[in-house]
1. Taking the range 62-91 as the search range and keeping residues that are among the basic types (Lys, Arg) and surrounded by 15 or more Cβ atoms within 10 Å (Cβ to Cβ), which one is farthest from Asp131 (Cα to Cα)?
2. Scan the range 40-61 for residues that are surrounded by fewer than 17 Cβ atoms within 10 Å (Cβ to Cβ) and either under 16 Å from Leu142 (Cβ atoms) or in contact with a helix residue (DSSP H, G or I) (Cβ under 6 Å, 6 or more places away or on another chain) (or both) and jot them down.
3. For the subset of the range 18-69 comprising residues that are part of a loop (DSSP other than H, G, I, E, B) and among the hydroxyl-bearing types (Ser, Thr, Tyr), which member is modelled with the highest pLDDT?
4. Which of the residues spanning the range 70-104 are touching a residue at least 60 places away in the same chain (Cβ under 8 Å) and either touching a Pro at 6+ places or on another chain (Cβ under 9 Å) or part of a strand (DSSP E or B) (or both)?
5. Just need a number here: residues in the range 60-99 that are under 11 Å from Ile119 (Cβ atoms) and of a type in the set (Ser, Thr, Tyr).
6. Across the range 151-170, what is the total count of residues that are modelled with pLDDT under 70, assigned to a loop (DSSP other than H, G, I, E, B) and either touching a helix residue (DSSP H, G or I) at 6+ places or on another chain (Cβ under 6 Å) or not charged (D, E, K, R) (or both)?
Amino acid sequence: MGRRTRNPIKALGEVVWGAVAGLWTVLIHLFRKPITEQYPEYKRPLPIRSRARIILTLDPDGGERCVACYLCSAVCPVTCISMEGEDRNNRRMARWFRINFARCIFCGLCEEACPTLAIQLTPDYEMCEYDLLSMVAEKEDLLVNHGGKDGEYNYYRYAGVTTLGDKGTHVQEERPVNIRSNMP
């Protein structure tokens, strides 16, 4: 059982070919006209589903959509979302809501986990800062005065919460059945 040796001429040919191929690529791009985009004046169109700055939206009645269910903070892979909930006016709301954009990776999992469509990602990506502590956004910084992508959705109407009306008065909800009428 002898040890196989590599052909030195073949090895040298591979090295030379690798160097020539690399230099050829450099020469091709060396004589191309450069493409310069004037960034502040021209902003490249983003894909429709691009994800950047996070916002908190309002329902059509003007109330906060966030019910402090903690699903967004639980699903966040980098734990950049924190909040505290409270009950106010027969509704569950977030007393405070905080996102650390310096840690956020804009994965969109928080948006998908939110049952009330309160947290949404927008295509606004211009948010660079020198000071990392200034990238911590509070609830007041995140709240916007519109409904976001689905402005007509109201969690409390679809969920069937009885504080906003009687049973059977919510969207796509049937009147309750009288169980005495079903008896023989």
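The values are calculated or read from the model by the stated rules, or taken from the named source; none is laboratory data. A quick note: this is a predicted structure, and the numbers were derived from the prediction, not measured. No Cβ is skipped: glycine too gets one built from the backbone with ideal geometry, and neighbour counts run over all protein chains shown.
1. Among them, the one singled out is Arg91.
2. The one that is surrounded by fewer than 17 Cβ atoms within 10 Å (Cβ to Cβ) and either under 16 Å from Leu142 (Cβ atoms) or in contact with a helix residue (DSSP H, G or I) (Cβ under 6 Å, 6 or more places away or on another chain) (or both): Ala52.
3. Thr57
4. Narrowing the range 70-104 to residues touching a residue at least 60 places away in the same chain (Cβ under 8 Å): 90-91.
Selection gives Arg91 alone.
5. Selection size over the range 60-99: 1.
6. 6
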